[in-house]
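Notes for the one structure printed next.
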Amino acid sequence: DTGVSQNPRHKITKRGQNVTFRCDPISEHNRLYWYRQTLGQGPEFLTYFQNEAQLEKSRLLSDRFSAERPKGSFSTLEIQRTEQGDSAMYLCASSRTSGDSDTQYFGPGTRLTVL
Amino acid sequence: DAKTTQPTSMDCAEGRAANLPCNHSTISGNEYVYWYRQIHSQGPQYIIHGLKNNETNEMASLIITEDRKSSTLILPHATLRDTAVYYCIVRVADTGRRALTFGSGTRLQVQP
């Protein structure tokens with residue numbers, strides 16, 4: 001169990017560029033989540049996968065955002081035409097189906113700065 | 001999911017127990033209480049969770065009142081590395097909604 005990993009850890013981009021982040025969950029975790037955290041706030045939910053199926057999306061996930069988990073393992077989060085308001089920490093978490101309470105374990109996050 | 005209320009900040013002396021309260025007066029019978037913490041610039045770290053009974057693990061103890069309307073996270077011997085923001089989260093068990101709803105949390109400062 002090596003934990004949830006995220007790459008890159010930091011990304012600086014110019015407004016209007018596209019960026020893609022990757023998340024590798026804990027092995028055998030079938031659920032994967034993306035959250036966003038802006039400075040001084042708690043993380044906010046973006047979207048959730050069970051295996052390869054995207055089962056829930058927050059209203060925060062505008063049409064410039066897309067997430068995939070093609071083989072039910074790693075996931076990518078793409079932001080198109082980035083805006084300065086997209087600057088935030090993007091967090092990934094994973095969990096395993098386990099009765100009523102599937103505990104989510106978080107990765108270190110990817111910090112995005114849009115100039 | 002039920003709303004939680006936590007103090008904005010707390011201080012604790014190193015080596016003493018840190019007791020972090022959380023109020024969740026609207027909690028339902030099928031909602032778990034989770035605690036996470038977030039050390040500066042890192043991802044949230046799971047600490048402990050419980051439904052009705054008190055729970056203990058290698059990191060902390062969780063005390064849930066009998067009416068389940070409040071809980072306390074106890075770090076028995078706080079160290080400087082326990083300085084972090086602590087989040088109390090209430091989450092319904094096994095529904096379609098899987099998201100954790102984070103509030104503002106309690107900023108715990110452990111003093112040397």
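Every number in this text was worked out from the coordinates using simple rules, so none of it is lab data. What you see is a predicted model; the values in this text were computed from it and never measured. Backbone-built Cβ (ideal geometry, glycine too); neighbour counts: all protein chains shown.
Key figures for this structure:
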read-out	value
Unique match (being in contact with a strand residue (DSSP E or B) (Cβ under 8 Å, 6 or more places away or on another chain), within 28 Å of B:C88 (Cβ to Cβ) and aromatic (F, W, Y)) among A:F49, A:F74	A:F49
Selection count where residues are within 14 Å of chain B (Cβ to nearest Cβ) and outside any strand (DSSP E or B), scope region A:70-115	12
Residue in region B:52-67 that is within 11 Å of chain A (Cβ to nearest Cβ), surrounded by 14 or more Cβ atoms within 10 Å (Cβ to Cβ), under 14 Å from B:I89 (Cβ atoms) and not basic (K, R) present	no
One residue from B:S70, B:S104 being within 11 Å of chain A (Cβ to nearest Cβ) and farther than 25 Å from A:R96 by Cβ	B:S104
Any hit, region B:35-45, residues being of a type in the set (S, T, Y), within 14 Å of another protein chain (Cβ to nearest Cβ), part of a loop (DSSP other than H, G, I, E, B) and over 28 Å from A:Y48 (Cα atoms)	no
Residue match in region B:9-19 (condition: acidic (D, E), in a loop (DSSP other than H, G, I, E, B) and more than 11 Å from chain A (Cβ to nearest Cβ))	yes
Region A:34-62 - residue that is within 10 Å of another protein chain (Cβ to nearest Cβ) and among the acidic types (D, E) and, of those, farthest from the chain's Cα centre (by Cα)	A:E56
Qualifying positions in region B:64-95 - among the hydroxyl-bearing types (S, T, Y) and under 16 Å from B:P7 (Cβ atoms)	B:S70, B:S71, B:T72, B:T83, B:Y86, B:Y87
Cβ pairs under 6 Å, 6+ apart, first in region A:69-87 and in contact (Cβ under 8 Å) with a residue 40 or more places away in the chain and under 17 Å from A:N7 (Cβ atoms), second surrounded by 13 or more Cβ atoms within 10 Å (Cβ to Cβ) and of a type in the set (A, V, I, L, M, F, W, C)	A:S75/A:C23; A:S75/A:L32; A:L77/A:F21; A:L77/A:W34; A:L77/A:A67; A:I79/A:V19; A:I79/A:F65
Any hit, region A:24-31, residues being surrounded by 15 or more Cβ atoms within 10 Å (Cβ to Cβ), away from every other protein chain (no Cβ under 12 Å) and in a loop (DSSP other than H, G, I, E, B)	yes
Candidates B:E66, B:E58 - the one that is under 26 Å from A:P108 (Cα atoms), without any contact (Cβ under 8 Å) to a residue 12 or more places away in the chain and either assigned to a loop (DSSP other than H, G, I, E, B) or of a type in the set (F, W, Y) (or both)	B:E58
Subset of region A:45-103 that is closer than 23 Å to B:Y46 by Cβ and of a type in the set (D, E, K, R) - its residue that is surrounded by the most Cβ atoms within 10 Å (Cβ to Cβ)	A:R69
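For every residue, the table says whether it meets (1) among the acidic types (D, E); (2) in contact with a helix residue (DSSP H, G or I) (Cβ under 6 Å, 6 or more places away or on another chain); (3) over 15 Å from A:R111 (Cα atoms).
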{"residue": "A:N7", "(1), (2), (3)": "no, no, no"}
{"residue": "A:D24", "(1), (2), (3)": "yes, no, yes"}
{"residue": "A:S27", "(1), (2), (3)": "no, no, yes"}
{"residue": "A:L32", "(1), (2), (3)": "no, no, yes"}
{"residue": "A:G42", "(1), (2), (3)": "no, no, no"}
{"residue": "A:T47", "(1), (2), (3)": "no, no, yes"}
